[in-house]
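The values are calculated or read from the model by the stated rules, or taken from the named source; none is laboratory data. Note that the structure is predicted; figures quoted are calculated from it, not measured. Counting neighbours? That spans all protein chains shown, and the Cβs are built from the backbone with ideal geometry, glycine included.
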Amino acid sequence: MKVRKAVIPAAGLGTRMLPATKTVPKEMLPMVDKPVIQYIIEEAVAAGIEDILIVTNRAKSAMDDYFDYYPELETRLNQAGKERELIEVRRAADLANIFYVRQKETKGLGHAIWRAKRFVGDEPFAVLLGDDIMRAKKPVTAQLVEAAEKYNACAVGVQKVSTEAISKYSSVKVSPLEERIFSVSDMNEKPRPEQIFSNYAILGRYVLTPAIFGILENVRPGYGGEIQLTDGLRELCLRDKMVAVDFEGRRYDTGNLNGFLEATIDFALDHPATGPWLRRFIREKAAQL
């Protein structure tokens, strides 16, 4: 099982980040010096992904423009001797082979993934949710790809969350295979207390096989009246082998304001251009409180 392709669902309306996302895609909001989605694409590339499909909607053409060449800007930067800026502008366009397809109707995450059927073909593929930024020494997608290839199985990225929080996620029923890797036998979306299988929640990263598409074509609308990916995954894990990877790293939900600010501050503290200044600024502010 060699994973060369990835799908990034990015067709959501960004309602948790209004009013900023009224005209700017939430995936294009700047986090330090790059848009959110560039961090996700860089993670996929670091995991060996070559081809990436972004599932968008009609209001998100800014992503297409961003990962394209901009000759006028590049010429101006070159003439001004701004070599570092020129390198960064070109690097974004050269990260990977990036393709786009629109989700023409808002029918849920499962439907967005189904839109990738023609792009994926008969290959296994990774899924990286457009809201979730991962901060890890080893890319989280790479951790999943390794487990999927080792066990010749689909893989989902999980971490333990509190009993109060699990109702916001997908709870998985697991049994241990080795350290940090489990066999998955069932799951459910946003479970009520009596439906919780475990406190391991699926958090934004997957490696799947094309078998998911045939399942998603027939999945009925579930939670929220939408086609839920978890409902398709549940049927898939009952049919085929699936593992859960308790990945090493921190996940940020940049689709809400608190998560976005947490990620921005943490990444800014690590950035050589902003880290020293931000540390001084935080200390000065804290002294005033």
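Laid out as a table, the results:
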{"read-out": "Checking Gly48 against (1) part of a helix (DSSP H, G or I); (2) in contact with a Lys or Arg (Cβ under 9 Å, 6 or more places away or on another chain); (3) over 20 Å from Ala112 (Cβ atoms), the condition it does not meet", "value": "(1)"}
{"read-out": "Yes/no for Ser171 being surrounded by fewer than 22 Cβ atoms within 10 Å (Cβ to Cβ), polar (S, T, N, Q) and not in a helix (DSSP H, G or I)", "value": "no"}
{"read-out": "Every pair of residues 6+ apart whose Cβ atoms lie under 7 Å, when the first sits in region 19-36 and is in contact (Cβ under 8 Å) with a residue 24 or more places away in the chain while the second is in a strand (DSSP E or B) and buried (at least 18 other Cβ atoms within 10 Å of the Cβ)", "value": "Glu27/Pro35; Met28/Pro35; Leu29/Pro35; Val36/Ile133"}
{"read-out": "Some residue of region 151-162 being without any contact (Cβ under 8 Å) to a residue 40 or more places away in the chain, within 20 Å of Gly232 (Cβ to Cβ) and among the polar types (S, T, N, Q)", "value": "no"}
{"read-out": "Residue match in region 56-73 (condition: in a strand (DSSP E or B), within 19 Å of the chain's Cα centre (by Cα) and under 26 Å from Asn256 (Cα atoms))", "value": "yes"}
{"read-out": "Any hit, region 227-237, residues being within 25 Å of Ile37 (Cα to Cα), among the polar types (S, T, N, Q) and in contact with a Lys or Arg (Cβ under 6 Å, 6 or more places away or on another chain)", "value": "no"}
{"read-out": "Matching entry among Glu194, Glu226 (being over 22 Å from Ala148 (Cβ atoms), over 22 Å from the mean Cα position of the chain (by Cα) and at pLDDT below 90)", "value": "Glu194"}
